[in-house]
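One structure is given here, and the rest of the page talks about it.
The values are calculated or read from the model by the stated rules, or taken from the named source; none is laboratory data. Fair warning: this is a prediction, and the values are worked out from it, not measured in the lab. Every residue, glycine among them, receives a Cβ derived from its backbone with ideal geometry; neighbour counts consider all protein chains shown. Just so you know, the surface numbers come from the protein's heavy atoms only, side chains and all, with ligands and any DNA or RNA stripped out. Shrake-Rupley method; radii C 1.70, N 1.55, O 1.52, S 1.80 Å.
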Amino acid sequence: MMIDKGKVIYMAYRAVSYSLSPFIYIHLQWRRFRGLEHPIRWRERLGHPSINRPPGPFLWFHAVSLGEGLAAIPVIRRCIQQKPNLTILMTTTTTSAFEVIKDRLPNDVLYQYAPLDTPSAMDDFLDYWNPVAVMLMESELWPNLVFGATKKGITMALLNARMSSKSFHRWSTPIVFPLISSMLSKFSLIAPLSNVEAIRYQLLQAPPFIINFAGDLKYAVNNVDISMQDNTCLEDLQLRLGNRPVWMASSIHKGEDEVVVGVHRALMQVYPNVITIIVPRHPQLGQQMALELRKDGFNVVLRSCKEKILPSTNFYIVDTLGELRSLYRIIPVAVIGGSFLPGLAGHNVSEAAAAGCAVLTGRYVGHFSRMILEMQQINPLSVMQVSGQTDLLKKLLELFSNANTLETHRMAAKQAFHALSNGVVSNIWNLLNIHVIQKALPPEIK
């Protein structure tokens, strides 16, 4: 009799995750104490629902964090349009995602924190919600989730599926290879980000017939509504900026602020009234950045304090959530962070491009290198990659000194975005409908 090595490894994983559950609970409490889990809804992470389940079939969309969650929303909207009788449940893991996405989802979508991948939390979650299908975003491959869903006959899809070279090598090791190949065999659809990811999934023994390329859903994020409140709040900011030279450093990680400040100091030698807008990747860094900048003699304004920009303001720190795409619409130059220090892996450049910003980024962009290459192939001026502080300063001076150059880069970014975003949601919906929804739904609802 053949032994299913993947199932054996999964049973070992399940036993270990069960034995570690008390320590995971303690860690969850520690995260709640530090403000990293929701103070009231943290029990949802243990699979305990906070709302009643309506009757009828469910579709479950799950994303780990903000970027992946926003990418799922256009597909959720299309599902609602095409299948209005279905109820949709959305889950994410992080508090930052929860605070932003709850205001972006259609009103009739249910929203919960995702359960931890422990046997009790995942089993309780699946027993209570009992979805007919689950759509996982990007790389959310958790054994208790995948095998638990399979046991209950839940159809599964992996959308915007990505796999870094590091993850591929980890999954390829002899110990875990049988587990990942067994997990991938449970899916009805894998929609990879690129041909490279498609090859990696095939090498991990995902059935070739379930792998279908449809485009990158992060190009569709621009279709997620920006509330009128966001636009109204930023009208005053636009007026106060006036005609001053301005650029924005978005999704800035700790350590990258030194690059931003160095560039600002140099820009002041040419443009004394230049203003730099910093959007920290993690809003809690804003206060710390402001404190250090003020020690250096800069005039700093914090958005969370509702402070107003003055003629003397040097830095405007946006230490709030959910306003980045609105800011892109009023700032002509966007430098995308998470890309200037080794060990970082970049952030989504398409949101700034969609808004018509001149887009710059560093060299450490991880899997976003594919997105940048695609945009540059459409128009080489759409995204400028710089090698460090000196190179970034040079590019900004070029943009500030020549209005035609600035406009050319802005139009190039917008052109590349529209060329790549066209049809992505329709492509994903068609694949979902054929491979997942039609397979999962009862005959009377199809």
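For region 284-353, the orientation-averaged shadow of the C-alpha convex hull comes to 5.8 nm² (one quarter of the hull surface). Among HIS264, HIS367, the order of accessible area from largest down is HIS367, HIS264, computed with a 1.4 Å probe on protein heavy atoms.
Would you kindly calculate the translational diffusion coefficient of region 54-109, applying Stokes-Einstein with the Kirkwood radius from alpha carbon pairs, for 25 °C and a viscosity of 0.890 mPa s, and quote it in µm² s⁻¹ without decimals?
Approximately 214 µm²/s, per Stokes-Einstein.
At what distance in angstrom do the alpha carbon centres of region 329-353 and region 203-218 lie from each other? Cα centroid to Cα centroid, the span is 27 Å. Solvent-free Debye calculation, one equal scatterer per alpha-carbon of region 273-411: log10 I(q)/I(0) at 0.10, 0.17, 0.22 Å⁻¹ equals -0.35, -1.02, -1.52.
Note on TRP30 and ARG53: the extension gain reaches 5.3 nm, defined as 0.36 nm multiplied by sequence separation minus the Cα-Cα distance.
With a 1.4 Å probe and all protein chains in place, put PHE168, PHE61, PHE213 in order of accessible area, largest first.
Reading off the accessible areas and sorting them downward yields PHE213, PHE168, PHE61.
Label-to-label distance, ASN130 versus GLU307, with points set 7 angstrom from Cα along the beta-carbon direction: 5.5 nm. Per residue, the accessible area of the chain comes to 44 Å² when a 1.4 Å probe rolls over the protein heavy atoms. Under the classification rounded if a/c is under 1.5, otherwise prolate if a/b is larger than b/c and oblate if not, where does region 1-86 fall, given a ≥ b ≥ c as square roots of the Cα gyration tensor eigenvalues? Here region 1-86 falls in the oblate category. Here the simple spin-label model places points 7 Å from the Cα toward Cβ, and for ASN422 and PHE213 these points are separated by 1.8 nm. Normalised radius of gyration (Cα atoms, divided by 2.2 N^0.38 Å) for region 338-402: 1.07. Here region 1-58 and region 262-320 have alpha carbon centers that stand 40 Å from each other. With a Förster radius of 22 Å applied to the beta-carbon distance between ARG43 and GLU99, the computed FRET efficiency rounds to 0.80. When the trypsin sites (Lys or Arg not before Pro) in region 238-308 are filtered for DSSP coil states and for at most 11 other beta-carbon atoms within 10 Å of their beta-carbon, the remaining sites are LYS306, LYS308. Semi-axis lengths, largest first, of the ellipsoid equivalent to region 169-312 are 46, 20, 14 Å, with √(5λ) applied to each eigenvalue of the Cα gyration tensor. Subtracting the Cα-Cα distance of GLN377 and ASN430 from 0.36 nm times their residue separation leaves 16.4 nm of extension gain. Note on the chain: with a GNM built from Cα contacts shorter than 10 Å, the maximum mean-square fluctuation among ALA15, ALA345, ALA416 falls on ALA15.
Classified by the C-alpha gyration tensor, region 102-177 has an oblate form. Its axis ratio a/c, with a ≥ b ≥ c, is 1.5 or above, and a/b does not exceed b/c.
Name the GluC sites (Glu not before Pro) in region 294-378 that are in a loop by DSSP and that have at most 16 other C-beta atoms within 10 Å, would you?
Details: sites: GLU307, GLU323, GLU351, GLU374; in loops: GLU307, GLU323.
Here the GluC sites (Glu not before Pro) that fit, given the DSSP loop and packing criteria, are GLU307.
For the chain, the Kirkwood hydrodynamic radius from C-alpha pairs, put into Stokes-Einstein at 4 °C and a viscosity of 1.567 mPa s, yields a diffusion coefficient of 56 µm² per second. Note that region 356-446 shows a convex hull volume over its alpha carbon atoms of 111 Å³ per residue. If each Cα of region 64-218 is one equal point scatterer, what is log10 of I(q)/I(0) from the Debye formula at q = 0.16 Å⁻¹? Per q value, in the given order, log10 I(q)/I(0) is -0.95.
In whole percent, how big is the carbon plus sulfur part of the accessible area of the chain, probe 1.4 Å, protein atoms only?
Its accessible area is 56 percent carbon and sulfur atoms.
When the Gaussian network model of the chain links Cα atoms closer than 10 Å, the mean-square fluctuations of GLY337, GLY255, GLY67 top out at GLY255. Backbone geometry of region 36-43 corresponds, through the Karplus equation with coefficients 6.51, -1.76 and 1.60 at θ = phi - 60°, to 3J(HN,Hα) couplings of 8, 10, 5, x, 10, 8, 4, 5 Hz, x marking Gly and Pro.
Largest accessible area first, the residues HIS169, HIS38, HIS48 order themselves as HIS169, HIS48, HIS38 under a 1.4 Å probe with ligands, DNA and RNA left out.
Based on the reciprocal of the average 1/r between different C-alpha atoms, the Kirkwood radius for region 1-155 equals 16.3 Å. Stretching the chain fully between ARG294 and LEU397 yields a gain of 34.6 nm (0.36 nm per residue, less the alpha carbon separation).
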